[in-house]
Amino acid sequence: MKSRRGGRPKAGERLQRERHILDVAGETFLRLGFDGTTMDAVAERARISKRTLYARYRDKAALFNAVLGGLIDHWLVPIDRFQSGQGALKETLLTLARYLSLFALTPQSVGVTRILIAESERQPGFGRMAIESGRRPALRVIASILRRHRAELRRVDLDMAAEHFMNLVVDGHLQLACLGVQSSRRQIEHRVRTAVDMFLSGVRRRGMA
């Protein structure tokens, strides 16, 4: 019996095609920036018709939102495992800080952040999405870790403490990277350990180690 040709693609094929389009779009945005990227260029590089691309994404902003959403999803999946971990507070925070720092410094993360900053006035929705879908869920994970070790901590606002933790371990590194300052793995590790030590010295009860 001959295999059927044509018709609608299977779910797996659709997902694979979607990933391919977003991979190509992400590479194009990073190389050409938001202004320099066109739907025509993405369609050509992805080897699909413009009609196929527009059927999925109504415009360039929607396409970038999809690229951003994919990056956020990829970032958040490993973070979730920290919510149920049973390790010591310092080691848990060190492991999380390493992951957050290294992910934030990937070329894709740095490139997307530069676009978010450059487009913040014209496309404020990009930044809102990054905060609502990416940063705030990460902050909730950090706060849940601190809540699990509440007995070791001073009476502090754990949500605010999570924000300060993010500022210490991610924001400074990412700002330097966006300015073109490269960091070695040794420098990143030193900053991570220093940031976690500084954070714990501020939120831990005296005598806790």
* Approximate spin-label separation Asp159-Arg51, in nm, with each point projected 7 Å along Cα-to-Cβ -> 5.0 nm
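Find how much the distance from Glu189 to Leu15 grows on full extension, using 0.36 nm per residue of separation minus their present alpha carbon separation; answer in nm with one decimal.
On the way: separation 174, 0.36 × 174 = 62.64 nm, distance 3.67 nm.
Extra length available between Glu189 and Leu15 comes to 59.0 nm.
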* To do: Under 1.5 on a/c is rounded, so check that first for region 59-103, then, if it is not, pick prolate when a/b is larger than b/c and oblate when it is not; a ≥ b ≥ c are the square roots of the alpha carbon gyration tensor eigenvalues.
  => prolate
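Could you work out Rg/(2.2 N^0.38 Å) for the chain, with Rg from alpha carbons only? Mind showing how you got there, number by number?
Details: Rg = 20.7 Å, N = 209, 2.2 N^0.38 = 16.8 Å.
Expressed relative to 2.2 N^0.38 Å, the Cα Rg reads 1.23.
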* **Anisotropy class of region 122-209 from Cα gyration tensor, a/c 1.5 cut** => oblate
* Structure fact -> Expressed in square angstrom to the nearest 10, the accessible area of Met160 with a 1.4 Å probe stands at 100 Å²
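Using 1/(1 + (r/R0)^6) with R0 = 25 angstrom and r between the beta carbons of Arg58 and Arg114, what's the FRET efficiency to the nearest 0.05?
Details: r = 24 Å, r/R0 = 0.97.
The calculated FRET efficiency here is 0.55.
Estimate the FRET efficiency between Ser144 and Arg206 by the formula 1/(1 + (r/R0)^6), using the beta-carbon distance for r and 22 Å for R0, to the nearest 0.05. Numbers along the way, then the final one.
On the way: r = 24 Å, r/R0 = 1.10.
For Ser144 and Arg206, the calculated efficiency is 0.35.
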* Calculate the dipole size of region 31-128 relative to its Cα centre from +1 charges on Lys and Arg beta carbons and -1 charges on Asp and Glu beta carbons; express the result in debye to the nearest 20. => 240 debye
* region 69-209: relative contact order as a whole-number percent, Cα under 8 Å and 6+ apart -> 35 percent
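Counting helices only, and only those DSSP H runs with n ≥ 4, report the 222 nm mean residue ellipticity of the chain as the sum of -39,500 (n - 2.57) divided by its residues, in deg cm²/dmol to the nearest 500.
Working: 11 runs with 144 residues, N = 209.
One gets -22000 deg cm²/dmol as the mean residue ellipticity at 222 nm.
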* Using Cα centres only, tell me the gap between region 24-57 and region 172-209 in whole Å. => 37 Å
* Whether region 46-140 is rounded, prolate or oblate, judged on the alpha carbon gyration tensor where a/c under 1.5 counts as rounded -> prolate
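The values are calculated or read from the model by the stated rules, or taken from the named source; none is laboratory data. Everything numeric here is computed off the predicted structure, so don't read it as measured data. Virtual Cβ from ideal backbone geometry, glycine too; neighbours counted across all protein chains shown. For the accessible areas, the whole protein counts, side chains as well, though only heavy atoms, and no ligand, DNA or RNA atoms are used. Shrake-Rupley method; radii C 1.70, N 1.55, O 1.52, S 1.80 Å.
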